[in-house]
């Protein structure tokens, strides 16, 4: 039995094509995925992301706990509403998940983690919280909507009162504020400006309808994936996982002296040197790129593989992210079993 978000009836009313995504009933598109993609690049679209897990970290040891838990430094969060992108690592330096953490107060941080990693994330958080004066609690009462695109911020502001609109438009990138019932964050996963909004589940449909009236178009998971791929944003489970070094995925800085989980492994990796790198590929000519295709050099040796791949509506070409041997540069070939031919890729 799949779970339904608070926006489910709105999706049905908009004739969405629904799919099972990690145990959730979610829209893949509402008609043309390419049109939805272009809408976000040129105007404003909205995505139901209520399947994401919102976690409250509260207690007098909240900052100390997160300092130990996260690979990037939570000390950067000093202003209420400020957000930090980071990873949780295992002791071997593998990526348990990537996430965003918001500073509410010294005794209260809010974390948003991936839906597909819900069970292991919650188990890991609760296990690591032992010994700290903190509580870890999941917010199942919240809905979450991402409004993205060059017109997204203004269209969102249009549905707020004058004071709320001013506060929302004043937010810097990676900053959030509680505005009435809405926790509005200037974050996203499309490469465009916009907001991610958390709100009580019972208010979800009202927000949806107000944004519809502002001509914010519903968009599905399909467009969300091509948008983030064009922007070079990692997808957990494809571009990185517990076997991936955050140095390769580009999700860790290691610029401070904190002792956090996985630090010793990262130092060893850095001293040994990295064998791989994550790159973006553009296919020269016709064809399609998909995850887990072998990449070859001119001699026919395997030098890496694609991790994510799709057609780019903006470039009108096939694109991919890939892990390659670190010394490779310039061009490579991808082998397509379906047509039995090599295609040239450049980055």
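The values are calculated or read from the model by the stated rules, or taken from the named source; none is laboratory data. Predicted model only: the values in this text are computed from it and were never measured. Methodologically, a virtual Cβ is constructed for each residue, glycine included, from the backbone with ideal geometry; neighbour enumeration extends over all protein chains shown.
Here is the figure for the stretch 295-332: residues that are surrounded by fewer than 13 Cβ atoms within 10 Å (Cβ to Cβ), within 20 Å of residue 285 (Cα to Cα) and in contact with a strand residue (DSSP E or B) (Cβ under 9 Å, 6 or more places away or on another chain) total 4. In the stretch 11-28, the residue that is nearest to residue 113 (Cα to Cα) out of those that are buried (at least 20 other Cβ atoms within 10 Å of the Cβ) and in contact with a helix residue (DSSP H, G or I) (Cβ under 9 Å, 6 or more places away or on another chain) is 26.
Considering each residue of the stretch 54-64 in turn, at least one proves to be closer than 29 Å to residue 243 by Cβ and in contact with a helix residue (DSSP H, G or I) (Cβ under 7 Å, 6 or more places away or on another chain).
Restricted to the stretch 97-214, the set of helices (runs of 4 or more DSSP H) holding at least 3 residues that are within 23 Å of residue 77 (Cα to Cα) comprises 118-128, 162-169. Mind listing whichever residues of the stretch 238-268 are over 25 Å from residue 76 (Cα atoms) and in contact with a helix residue (DSSP H, G or I) (Cβ under 7 Å, 6 or more places away or on another chain)? Passing the criteria: only 239.
Determine if the stretch 272-285 includes at least one residue that is at pLDDT below 95, outside any loop (DSSP other than H, G, I, E, B) and over 24 Å from residue 330 (Cα atoms). Yes; the residues of the stretch 272-285 include at least one that is at pLDDT below 95, outside any loop (DSSP other than H, G, I, E, B) and over 24 Å from residue 330 (Cα atoms). Within the stretch 49-82, the set of residues being more than 19 Å from residue 97 (Cα to Cα) and in a strand (DSSP E or B) comprises 58, 82.
Taking the stretch 65-86 as the range and being over 24 Å from residue 140 (Cβ atoms) and either crowded, with 20+ Cβ neighbours inside 10 Å or in contact with a helix residue (DSSP H, G or I) (Cβ under 9 Å, 6 or more places away or on another chain) (or both) as the test, the residues that pass are 67, 68, 71, 72, 73, 74, 75, 77, 82.
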